[in-house]
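What follows is one structure encoded as structure tokens, with my remarks underneath.
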Amino acid sequence: MKPDLFEAPDYYNLDELLTDEHKLVRDAAREWVKRDVSPIIEDYAQKAEFPTQIINGLAEIGAFGPYIPAEYGGAGLDQISYGLIMQEIERGDSGVRSTASVQSSLVMYPIWKYGNEEQRNKYLPKLASGEWMGCFGLTEPDHGSNPGGMVTNFKDMGDHYLLNGAKMWISNAPFAQVAVVWAKNEEGRIHGLIVERGMEGFTTPETHNKWSLRASATGELIFDNVKIPKENLLPNKSGLGAPLGCLDSARYGIAWGAIGAAMDCYDTALRYSKERIQFGKPIGQFQLQQKKLAEMITEITKAQLLTWRLGVLRNEDKATSAQISMAKRNNVDMAINIAREARQMLGGMGITGEYSIMRHSMNLESVITYEGTHDIHLLITGMDVTGLNAFK
Ligand SMILES: Cc1cc2nc3c(=O)[nH]c(=O)nc-3n(C[C@H](O)[C@H](O)[C@H](O)COP(=O)(O)OP(=O)(O)OC[C@H]3O[C@@H](n4cnc5c(N)ncnc54)[C@H](O)[C@@H]3O)c2cc1C
């Protein structure tokens, strides 16, 4: 892969809206990605392997629980810092950002928000340091966009619960020590359970042959009469709103992350357009190529402003789920379109692993599908503005 010469576009001087702390956190993550992710990531994506050696670095830049209070090992940062960290990581690779998102928003967040003090103290510091990695089991083979229909269930056996069922498409599953699993009790109410690797009847087969997020490990979670200690139930929230609350936090991070992938594609295409000579001129001098670049920077700038504003609302605890859906949907769509245009600008070179664009492009196919598909987020916006529910 070519050396990482990334220069971040900031067409509307967005840096002026950031605090010194935001910039410090963002720059540290950016430097780390250049040093420790860019040189190896193409290889790992080609091998379809998660680079476990970067776990410590992710913990050091605060990517595991950026907004979790320091007393539990988190970085105690605000929502904009969290977003900026996700942006920088996904600038390197969406698969690496997925690992960090899952750890922070889908594992640490529910333990912090819905767990008790013993659970927080037992799990959060180890998850923040990367000593333990976690995964989040919501999707099932027959229930993806409709997780409320899940069939994974647990029964109260007196001194423990008995968990049965299966989850599919679970990021980090093959190596996670801890899984936050959503299952129905005998009354059909959804609860979160903390399942640990090594519990009898719990297996995590890896999902192979992905063309997308190849540097992120994906797998199934299978529960065959798994005995779960009663203290592993998250006591403070139940119902579908509990996992959806985690998804709000993760989707917000994805909205920022997608900007990172788009910035990397734009920056690569811009540089290439000045270096690649055809018909005796740099291709960037042709109007058709300028149109692509001008539209890319316009869309990136709009997404940056949308997402920054969403971050302010999140900091004030005022962002709605529907606002988060809009940003996730818009930004991932924006990034996937930019990746496609940027790849074309590189001609044949665009399909090789010499450049990051094709990898981003393939990764974004998962990002546009997970955590609510493109269409599902449109329906959420539609429901929000009309007050009419298209899901029923
Ligand atoms: C790489 C990867 C990693 C993932 N990681 C995780 C994870 O860590 N944890 C986890 O729990 N899940 C994870 N997922 C699962 C992901 O969230 C689901 O794939 C996603 O929610 C869509 O579900 P589905 O694949 O079953 O598609 P389906 O729900 O079957 O959807 C198929 C199509 O139908 C459309 N559709 C569905 N319902 C409607 C409707 N009412 N109206 C209009 N169109 C509709 C969808 O938009 C989509 O286009 C991951 C997925 C991938 C690909």
Length-normalised contact order of the stretch 14-129 in % [C-alpha pairs under 8 Å, at least 6 apart]:
29 percent
Cα lying deepest toward the dipole's positive end in the stretch 89-222, options ALA100, HIS191, HIS143, charges on Cβ:
ALA100
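Counting Lys and Arg as +1 and Asp and Glu as -1, each charge on the Cβ, what is the dipole of the stretch 138-295 about the Cα centre in debye, to the nearest 20? Please report the intermediate quantities before stating the final value.
Numbers: 17 positive and 17 negative charges, 192 e Å.
For this selection, approximately 920 debye.
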In percent, what relative contact order does the stretch 134-238 have, based on Cα pairs under 8 Å that are 6 or more apart in sequence?
31 percent
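Looking at the chain, what % of its DSSP beta bridges pair antiparallel, to the nearest 5? Before the final figure, lay out each step's value.
Numbers: 27 of 32 bridges.
The antiparallel fraction comes to roughly 85 percent.
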Near LYS155, which lysines are there with a Cα under 25 Å away, not counting those fewer than 8 places off in the same chain?
LYS113, LYS122, LYS167, LYS184, LYS227, LYS230, LYS237
Which of SER129, PRO69, ALA258 sits farthest toward the positive end of the charge dipole of the chain, with +1 on the Cβ of Lys and Arg and -1 on the Cβ of Asp and Glu?
ALA258
Can you tell me the relative contact order of the chain? Whole percent, Cα pairs under 8 Å, sequence separation 6 or more.
18 percent
Just the number please: accessible area per residue for the chain, 1.4 Å probe, all protein chains included, in Å².
43 Å²
Once the piece of chain linking PHE286 and LEU388 is laid out straight, how much longer is it, given 0.36 nm per residue of separation minus the C-alpha distance between them?
32.0 nm
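Can you pull out the chymotrypsin sites (Phe, Trp or Tyr not before Pro) in the stretch 166-214 that DSSP calls coil and that have at most 15 other Cβ atoms within 10 Å?
TRP211
Mind checking the full-extension length gain between GLU49 and PHE279? Use 0.36 nm per residue of separation minus the Cα-Cα distance, one decimal, nm. Before the final figure, lay out each step's value.
Details: separation 230, 0.36 × 230 = 82.80 nm, distance 4.12 nm.
Fully extending the segment from GLU49 to PHE279 adds 78.7 nm.
Between MET157 and MET349, what is 0.36 nm times their sequence separation minus the Cα-Cα distance? Round to one decimal in nm.
Working: separation 192, 0.36 × 192 = 69.12 nm, distance 5.99 nm.
Residue separation times 0.36 nm, minus the Cα-Cα distance, leaves 63.1 nm.
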To test your reading of the geometry: what angle, between 0 and 90 degrees and rounded to tens, separates the Cα axis of helix 79-92 from the longest principal axis of the chain?
60 degrees
Note the angle between two axes, namely the Cα long axis of helix 117-129 and the longest principal axis of the Cα atoms of the chain, as a number of degrees from 0 to 90, rounded to the nearest 10.
30 degrees
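How much mean residue ellipticity at 222 nm does the chain get from its helices, if each DSSP H run of length 4 or more adds -39500 (n - 2.57) and you divide by all residues, to the nearest 500 deg cm²/dmol? If you can, show how the numbers build up before the last one.
Working: 12 runs with 183 residues, N = 392.
Calculated from helices alone, the mean residue ellipticity at 222 nm is -15500 deg cm²/dmol.
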Note on the chain: alpha-carbon gyration tensor, axes a ≥ b ≥ c; rule is a/c under 1.5 for rounded, else prolate if a/b larger than b/c, else oblate; result prolate
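Could you tally the net charge around VAL226, taking each other residue with its Cβ under 13 Å from the Cβ of VAL226, Lys/Arg +1 and Asp/Glu -1? Don't skip to the answer; put the middle values down first.
On the way: positive: LYS155, LYS167, ARG197, LYS227; negative: GLU196, GLU200, ASP224.
Combined, the nearby Lys, Arg, Asp and Glu give +1.
Using a ≥ b ≥ c from the Cα gyration tensor of the stretch 89-174 (square roots of the eigenvalues), is it rounded, prolate or oblate, where a/c under 1.5 gives rounded and otherwise the larger of a/b and b/c decides, a/b for prolate?
Here the stretch 89-174 falls in the oblate category.
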Just add up the charged neighbours of LEU288: K/R +1, D/E -1, any other residue whose Cβ is under 13 Å from the Cβ of LEU288.
+1
Could you give P(r) for the stretch 11-78, binned at 5 Å from zero, as whole percent values over all Cα-Cα pairs?
4, 15, 19, 20, 17, 13, 9, 3, 0
Given Cβ point charges of +1 (Lys, Arg) and -1 (Asp, Glu) and nothing else, what value in debye, to the nearest 20, does the dipole of the chain about its Cα centre take?
780 debye
Apply the a/c threshold of 1.5 to the C-alpha gyration tensor of the stretch 134-238 and tell me whether it is rounded, prolate or oblate.
prolate
Label LYS126 and VAL312 with points 7 Å out from Cα along Cα→Cβ: what is the distance between them in nm?
4.2 nm
Can you say what percent of the DSSP beta bridges in the stretch 74-187, counting only those with both residues inside, are antiparallel? Round to 5.
50 percent
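Which loop GluC sites (Glu not before Pro) in the stretch 269-332, with loop taken from DSSP, have no more than 14 other Cβ atoms within 10 angstrom of their Cβ? Intermediate values should be presented prior to the final figure.
Numbers: sites: GLU275, GLU295, GLU299, GLU316; in loops: GLU316.
Those satisfying the criteria are GLU316.
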Show me the GluC sites (Glu not before Pro) within the stretch 122-210 that DSSP assigns to loop and that have at most 14 other Cβ atoms within 10 Å of their Cβ.
GLU131, GLU186, GLU187, GLU200
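The values are calculated or read from the model by the stated rules, or taken from the named source; none is laboratory data. Quick caveat: nothing in here was measured; it's all calculated off a predicted structure. Virtual Cβ from ideal backbone geometry, glycine too; neighbours counted across all protein chains shown. Remember, those area values only see protein heavy atoms, side chains included, never the ligands or the DNA or RNA. Shrake-Rupley method; radii C 1.70, N 1.55, O 1.52, S 1.80 Å.
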